[in-house]
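Enquirer: This is the structure, below, for whatever I ask next.
Any read-out appearing in this document is the output of simple, stated calculations on the displayed coordinates, not a laboratory observation. All values derive from a computational prediction rather than experimental measurement. Using ideal geometry, Cβ is built from the backbone for each residue, glycine included, and neighbour counts are taken over all protein chains shown.
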Amino acid sequence: SGVLGDVFDVFVYVSSGVPALELQAWADQITRSVSLSYVDGIRVKGTDTARRYVGTIALSGSGTTEDSEPRRLIWNLYNQVERYFFRVDTTSHSYDGNDRAFNGTAGRAVEFVSGEGTPFSATVNFSVNNPSASIAASIGVNSRTCAGFTGQAQYRRIGLGARQALHHDDSYPGYNYLCVVQSTESLGAATFNFYAILGELLM
């Protein structure tokens, strides 16, 4: 059960001589309901040290999780590998105004989960047409509305052609959401042709 973005810690324990898994729901997308502890250097469940912590997942829907380019929702404590995330939107549209989600739709984003603060890098590439507007695109971190986001990477330039914004940061423990923000600072309408957001992290 659950909905998109619900977060769970994953524990392994021995039940009648057989390894078994247990899920522990977080209080919300960024706060554990049960803390982790250490026993002999091994991370375990704070309320039951017989349960060994092995990772964290987030849901992509009711009772399901996902590991895809736009949604990296399975994070391993052990044997981590580099995973890439990617999403592209080729919806051409005109906009003249301050910061908002690309084409006014906050759902165009990449999502990932982390059991602890994990370094990640992200890039947004975009293309615009307008030689006079002050064009901006940025990466909004952890805001589903792309408003009031914490942290951003921004590239501004008057002119035409492809642009790029970069962002390097540590993820938050829990569910992370990167959206693409666009702006012309109300200095003239511009046609945004596409964006592609891509990046990488260890999971």
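Enquirer: Scan the range 49-68 for residues that are of a type outside the set (A, V, I, L, M, F, W, C) and in contact (Cβ under 8 Å) with a residue 24 or more places away in the chain and report the count.
Expert: 9
Enquirer: Only residues that are of a type in the set (A, V, I, L, M) and surrounded by fewer than 18 Cβ atoms within 10 Å (Cβ to Cβ): list them for the range 83-134, please.
Expert: Answer for the range 83-134, where residues must be of a type in the set (A, V, I, L, M) and surrounded by fewer than 18 Cβ atoms within 10 Å (Cβ to Cβ): just VAL88.
Enquirer: Can you find, within the range 61-75, the residue that is nearest to PRO173 (Cα to Cα) among those that are buried (at least 16 other Cβ atoms within 10 Å of the Cβ) and not hydroxyl-bearing (Ser, Thr, Tyr)?
Expert: Once the filter is applied, the top-ranked residue is TRP75.
Enquirer: Mind listing just one residue for me: the one in the range 105-121 that is of a type in the set (S, T, N, Q) and in contact (Cβ under 8 Å) with a residue 60 or more places away in the chain and, of those, nearest to GLU200 (Cα to Cα)?
Expert: SER121
Enquirer: Just to be sure before I move on: is ASP28 part of a loop (DSSP other than H, G, I, E, B), more than 30 Å from PHE194 (Cα to Cα) and of a type in the set (Asp, Glu) in the structure I sent?
Expert: Answer is yes for this residue.
Enquirer: Scan ALA27, ALA50, ALA58 and give me the residue that is surrounded by 16 or more Cβ atoms within 10 Å (Cβ to Cβ) and either closer than 15 Å to GLY174 by Cβ or hydrophobic (A, V, I, L, M, F, W, C) (or both).
Expert: Being surrounded by 16 or more Cβ atoms within 10 Å (Cβ to Cβ) and either closer than 15 Å to GLY174 by Cβ or hydrophobic (A, V, I, L, M, F, W, C) (or both) holds for just one of ALA27, ALA50, ALA58, which is ALA58.
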